[in-house]
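The values are calculated or read from the model by the stated rules, or taken from the named source; none is laboratory data. None of these values were measured; they are calculated from a predicted model. We place every Cβ from the backbone using ideal geometry, glycine too, and count neighbours over all the protein chains shown.
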Amino acid sequence: MTNNDSSKRIALVTGAGSGIGRAAALVLLERGWTVVLAGRRMAALQETAAQSADPAKALPLAADVSRPEDVNALYARIDAEFGRLDLLFNNAGIFVPSVPVDELPVEHWRQSVDVNLTGAFLSAQGAFRLMKKQSPRGGRIINNGSISAHAPRPNSAPYTATKHAITGLTKSLSLDGRAFDIACGQLDIGNALTEMAQPMTKGVRQANGEIAIEPTMDVAHVASAVLYMAELPLSANVQFMTVMASAMPFVGRG
């Protein structure tokens with residue numbers, strides 16, 4: 001089991017240059033974790049580190065999680081620098097433009113699968129390899145699932161399909177990790193107010209075809225949920241948690 005002292009724990013947050021990833025990384029840093037910040041834009045990662053109360057505990061590393069060579073290099077650096085990993089927040093993701101499925105460019109489908117699904121798999125695979133061999137062994141993986149892992153929005157086939165697949169990946173990792181003290185859970189997020197959710201405040205298409213403004217919530221609530229899951233002992237796991245704006249159109253009809 002990993003050390004319960006947060007000041008000695010190592011976390012990797014993918015997609016740490018903005019939005020949910022940045023918020024989660026900053027909360028972990030505030031709690032004393034050492035956090036590896038991964039993402040495609042080094043300038044954004046450095047900005048995240050600079051916003052921390054203790055930038056010395058943040059390590060920005062540029063990586064595209066859809067590229068196996070980038071992920072391998074990322075974990076080689078983590079292993080060389082720290083010799084272990086206690087937490088992976090598998091957060092990196094993209095949302096391609098919403099269009100009817102018959103008009104969807106196959107390139108957009110592939111981009112979604114490459115980043116949202118293959119990227120999550122590659123990141124988890126790297127975490128497994130390190131967590132199995134380190135001493136003490138084990139660790140935790142938290143996958144960013146989304147409300148779209150349960151219910152689609154109109155014209156969102158690529159994003160919805162990948163997020164449903166993340167649920168299957170979470171379950172498989174949870175099962176396969178048992179023998180190695182690796183816990184895996186999923187955080188399904190609805191309408192956290194980040195750049196990606198800005199359109200909700202202006203009106204988005206609903207299932208009945210209408211355009212409606214949707215309620216949002218502060219991204220800080222998502223970061224708090226990540227922290228709660230991250231700091232559980234490995235003998236306990238949040239398998240699935242949904243954190244959403246209370247009045248968003250998810251539960252119920254319409």
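Tabulated data
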| read-out | value |
| --- | --- |
| Pairs with Cβ under 7 Å, 6+ apart, first in region 2-16 and of a type in the set (Lys, Arg), second in a loop (DSSP other than H, G, I, E, B) and modelled with pLDDT of 95 or more | ARG9/TRP33; ARG9/ASP86 |
| Checklist (1) over 29 Å from ALA161 (Cα atoms); (2) in contact with a Leu (Cβ under 7 Å, 6 or more places away or on another chain) applied to LEU45, failing item | (1) |
| Condition met for SER135 (surrounded by 18 or more Cβ atoms within 10 Å (Cβ to Cβ) and either free of Cβ contacts under 8 Å to residues at least 40 places away in the same chain or among the hydroxyl-bearing types (Ser, Thr, Tyr) (or both)) | no |
| Within region 95-125, considering residues that are outside any helix (DSSP H, G or I) and without any contact (Cβ under 8 Å) to a residue 24 or more places away in the chain, the one nearest to ALA11 (Cα to Cα) | PRO97 |
| Any hit, region 232-254, residues being assigned to a helix (DSSP H, G or I) and crowded, with 19+ Cβ neighbours inside 10 Å | no |
| Meets criteria (assigned to a loop (DSSP other than H, G, I, E, B), more than 18 Å from the chain's Cα centre (by Cα) and closer than 20 Å to ARG140 by Cα) for ARG77 | no |
| Subset tally (residues that are part of a helix (DSSP H, G or I) and of a type in the set (Val, Ile, Thr)) for region 48-73 | 2 |
| Residue in region 136-147 that is within 29 Å of ASN208 (Cβ to Cβ) and in a helix (DSSP H, G or I) present | yes |
| Residue tally, condition farther than 16 Å from ILE182 by Cα and of a type in the set (Phe, Trp, Tyr), over region 220-254 | 2 |
| Residue tally, condition surrounded by fewer than 24 Cβ atoms within 10 Å (Cβ to Cβ) and either of a type outside the set (Lys, Arg) or touching a residue at least 40 places away in the same chain (Cβ under 8 Å) (or both), over region 30-55 | 16 |
| Qualifying residue in region 80-99 (condition: out of contact with any strand residue (DSSP E or B) (no Cβ under 6 Å at 6 or more places or on another chain), of a type in the set (A, V, I, L, M, F, W, C) and at pLDDT 95 or above) | yes |
| Sole residue being buried (at least 18 other Cβ atoms within 10 Å of the Cβ), on the phi > 0 side of the Ramachandran plot and out of contact with any His (no Cβ under 6 Å at 6 or more places or on another chain), chosen from SER174, SER146 | SER146 |
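Table: residues versus (1) farther than 25 Å from GLY15 by Cα; (2) among the hydroxyl-bearing types (Ser, Thr, Tyr); (3) under 19 Å from the mean Cα position of the chain (by Cα).
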| residue | (1), (2), (3) |
| --- | --- |
| GLN198 | no, no, yes |
| ILE213 | yes, no, no |
| VAL226 | no, no, yes |
| LEU232 | no, no, yes |
| ASN237 | no, no, yes |
| MET241 | no, no, yes |
| SER246 | yes, yes, no |
